[in-house]
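Notes to accompany the following structure.
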Amino acid sequence: MDVIVEFRHVPGERGAVRWAKPVSFQVPRGTLHLIRTRGAFSGPLFRLALGFSEPVGGEVLVQGQLPATLGRHDIRRLRRGIGSVLEPDGLVANLTIRMNLVVPLVYGNGLEFDAAVRRANEMIDVMHLGLWAEERPGSLPAEVRQAAVLARALSARTDVLMLENPLASMDNRETRRLLTLCRTQAETLLVATHRPDGVLHEFADAIWEWDDDGFRMAA
Amino acid sequence: MATRPTRELTLTGLSAVGGNVRGRGLTAVEGVRFVGSCARAVASMPRSVRHVFGRVLVMQVRFTAVDAMPIIAGLALLIGALVIAQAHAQAVRFGFTEALGELLATIIVRELGPLFAAIIVVARSGTAIASELATSRVMGEITALEALGVDPVQYFVIPRLVGCAISVALLALYFDALAIFSGLLVTSGLQGLSPADYLESLRLGMSMWDGVFVAIKGAIFGLVTALVCCWAGLRAARTAAAIPQSVTRGVVTAMVLVFTISALFTVVQTLWM
């Protein structure tokens, strides 16, 4: 079994947070793992997985590598292979929605400007963002911003997606549509949700529960 | 023999000084690392970025140079008129009117032009750069781009460095031209110095190399201003209170560096000449 993301007995994030019980889980290739939790837990988890911080103990493995130990060049290469959505969404305030999609494609994935614009336009159509493509994020409603952030993550066409609370402001119909799109495009997904309803559960291969009592497989 | 409280006070004082020196040393090391990461970012810049890079660069030059032209013009006209009127009065009094051109070339063209252009750019663009990048840090924009494999130095810093270097070089030359023009207007109202004499004395006191020197000095001031303000913005902590702190840190450091480099330039130039 090919494991894409693995946490082995990780008790917390160095210099930031220590959890009540160490976290262990695996996300095998081709699956969608859903973690039901809150921001205080999902933030450190995604920071560890993307190599922004290092674990206090245990190991965090992503595609067989330890992100915290990678050098500048290697960590960038690892991140380019993962489409990510984090909280806060991090849309660049002085760029339009279209340019928010174009800039990572040009600087991160090395696409020529015209090719990046074409790719961004395709994604804008798929995500129904045409009305807002030339707007700056500050003036947009929450669900449009979330769709734009998801579009930015999907536009790199990576096999792996790591999404932190990606659809919190969407209605159930739109959530289903976008999750179907995510599953079609990416092989492996790690999704943290703060939503109390069960729409995302329909798509998950495994559901984890993470609260003050610890990290466990949901019933 | 020192009493116990005196010894304790001395030790506390020494410890505070040591801590301060250590902190400043670490900041300096961090600064040198940042310069290194800028150099690496330039070396590894993919060719595909040229279009986006160009757009950011044009916006930066427009904001830093074009939008600052009215304020630089006002300042240059005032300073040029003031310096020439005062210098002329002293030159007549002490009898060195023939050296007036060289004096003006030294004070206005080589010193005040680049310095005032840099001060205006620190005050306008330095604050804008530091606050923009600190806000980007606080709002998670930089982290989000890094998570997608983008080098934030390539996207946020390098166009600003180039833009500020070009802008301050151009603004310094613009300042000099307007200050000289202002002097020309003033001399028409002065006794004992005709506009023709003024232009002739300037021609004798200046060479083409002064223009090159001013442009280089201005470019270095712009580079240092952008570098320091970008650094201050990028290392902001992720709290709203960090934004004004990083602006203050960036602007004060940039100002001190600009004056220090200006003094070094003068020393080197004096020794060379």
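Values quoted throughout were computed directly from the atomic coordinates according to the rules given, and no laboratory measurement underlies them. None of the values given here were measured: they were computed from a predicted structure. Because the Cβ atoms are built from the backbone with ideal geometry, glycine has one as well, and the counts that use them run over all protein chains shown.
Scanning region B:116-173 for residues that are away from every other protein chain (no Cβ under 14 Å) and more than 15 Å from B:Leu223 (Cβ to Cβ) gives B:Phe116, B:Ile119, B:Ile120, B:Ala123, B:Arg124, B:Thr127, B:Ala130, B:Leu173. Here are some residues: B:Thr64, B:Thr127. Which one is hydroxyl-bearing (Ser, Thr, Tyr), farther than 25 Å from B:Phe213 by Cα and either buried (at least 19 other Cβ atoms within 10 Å of the Cβ) or within 26 Å of the chain's Cα centre (by Cα) (or both)? Result of the check over B:Thr64, B:Thr127: B:Thr127. The single condition from (1) part of a helix (DSSP H, G or I); (2) more than 14 Å from chain A (Cβ to nearest Cβ); (3) under 19 Å from B:Ala128 (Cα atoms) that B:Val186 fails is (3).
Of the residues in region A:40-68, how many are aromatic (Phe, Trp, Tyr) and either without any contact (Cβ under 8 Å) to a residue 12 or more places away in the chain or not in a helix (DSSP H, G or I) (or both)?
1
Against the definition (over 14 Å from A:Arg47 (Cα atoms), more than 8 Å from chain B (Cβ to nearest Cβ) and hydrophobic (A, V, I, L, M, F, W, C)), how does A:Leu61 come out, yes or no? The answer is no for A:Leu61. Report whether or not B:Gly95 is away from every other protein chain (no Cβ under 14 Å) and free of Cβ contacts under 8 Å to residues at least 40 places away in the same chain. Yes, satisfied.
Among B:Ala232, B:Ala237, which is more than 14 Å from every other protein chain (Cβ to nearest Cβ) and either in a helix (DSSP H, G or I) or out of contact with any Pro (no Cβ under 9 Å at 6 or more places or on another chain) (or both)? B:Ala232 is the lone residue from the list that is more than 14 Å from every other protein chain (Cβ to nearest Cβ) and either in a helix (DSSP H, G or I) or out of contact with any Pro (no Cβ under 9 Å at 6 or more places or on another chain) (or both). Counting only residues that are more than 20 Å from A:Val56 (Cβ to Cβ) and touching a helix residue (DSSP H, G or I) at 6+ places or on another chain (Cβ under 7 Å), region A:1-38 holds 2 of them. Taking region A:121-160 as the range and being within 14 Å of chain B (Cβ to nearest Cβ), farther than 17 Å from A:Pro88 by Cα and among the aliphatic types (A, V, I, L, M) as the test, the residues that pass are A:Met123, A:Leu154, A:Ala156, A:Val160.
For residues in region A:97-108 being facing chain B (nearest Cβ under 7 Å) and touching a residue at least 24 places away in the same chain (Cβ under 8 Å), which is surrounded by the most Cβ atoms within 10 Å (Cβ to Cβ)? Top of the filtered list is A:Pro104. In this structure, does A:Asn94 turn out to be in a loop (DSSP other than H, G, I, E, B), within 14 Å of another protein chain (Cβ to nearest Cβ) and closer than 30 Å to A:Gln26 by Cβ? Against the criterion (in a loop (DSSP other than H, G, I, E, B), within 14 Å of another protein chain (Cβ to nearest Cβ) and closer than 30 Å to A:Gln26 by Cβ), A:Asn94 does not qualify.
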